[in-house]
Amino acid sequence: MSKKYCIFAQSKVTNSVNDRNYNERKMKKIALVLVAFVMAQCAMAQQFSLPILPEKMWPSEYANYEADVLNCCDYLLGTDPSFNAPKHEECASFLLRWAAGSPNMSIVVAEELVDAKKGDLLLAYIAGWARHSIKHPEDNGLLCANVAVADMLNFYFAHKDVIGKSKLTDKLLKKQEKGELASYITQVLVKE
């Protein structure tokens, strides 16, 4: 009787080892697909070129550059800030010049929502606001701020090792986890 028990126990061990090998192979396939996806995203993000904004533009001309601004926003929010620094700087400069002059863009930056000492976080906030504002021109500043903060938090979470620790942003992440972020943003912007 003990012999059967030992054989049964041995087959259980063999099955769990086989299951583990199967799971490891499955995880490797998933990891390979994710790596391929990230590489494809990085390659696509670098394929656009930006026009040069004229020194002086009529207010109506800013709308002609909205597709380029969206490309910049997607690039800035979707890539590591240390990756391809010249392209990152070019996109940042283009976005900031466009946002500063655009008559349809009014971005509210509150010190309670953005760690301005971390330039990449400020840039992610502005990119999130601009992207949402272009795609949804009917939305008010409160909705744009909610989306901008969410984009900034996603960017921070993805690139925290490059950006460095931010106490304010960590505080906002905790509010987001507790479901208190939207009401906090409203409170901050109403105060402004």
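The values are calculated or read from the model by the stated rules, or taken from the named source; none is laboratory data. This structure is a prediction, so every number in the text was calculated from the model and none was measured. Note that we place each Cβ from the backbone using ideal geometry, even for glycine, and neighbour counts take in every protein chain shown.
Descriptive notes on the structure:
Okay, residues lined up against (1) modelled with pLDDT under 65; (2) within 25 Å of VAL109 (Cβ to Cβ):
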site: MET27; (1), (2): no, no
site: ILE30; (1), (2): no, no
site: GLN41; (1), (2): yes, no
site: GLN46; (1), (2): yes, no
site: PRO54; (1), (2): no, no
site: TRP58; (1), (2): no, no
site: ASN71; (1), (2): no, yes
site: HIS88; (1), (2): no, yes
site: CYS91; (1), (2): no, yes
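Residues checked against (1) under 17 Å from the mean Cα position of the chain (by Cα); (2) under 18 Å from VAL69 (Cβ atoms); (3) surrounded by fewer than 16 Cβ atoms within 10 Å (Cβ to Cβ):
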| position | (1), (2), (3) |
| --- | --- |
| LEU123 | yes, yes, no |
| HIS132 | yes, yes, no |
| LYS160 | yes, no, yes |
| LYS175 | no, no, no |
| GLY179 | no, no, yes |
| VAL190 | no, no, yes |
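- For the stretch 72-97, filtered to residues that are free of Cβ contacts under 8 Å to residues at least 24 places away in the same chain and within 14 Å of ILE52 (Cα to Cα), the residue that is farthest from the chain's Cα centre (by Cα) is SER93.
- Failed criterion for ALA100 (all others in (1) at pLDDT 90 or above; (2) under 20 Å from LEU50 (Cα atoms); (3) surrounded by 15 or more Cβ atoms within 10 Å (Cβ to Cβ) hold): (3)
- The stretch 60-96: number of residues that are surrounded by 15 or more Cβ atoms within 10 Å (Cβ to Cβ) and in a helix (DSSP H, G or I): 22
- Taking the stretch 134-155 as the range and being surrounded by fewer than 24 Cβ atoms within 10 Å (Cβ to Cβ) and over 15 Å from ALA182 (Cβ atoms) as the test, the residues that pass are ILE134, LYS135, HIS136, PRO137, GLU138, ASN154.
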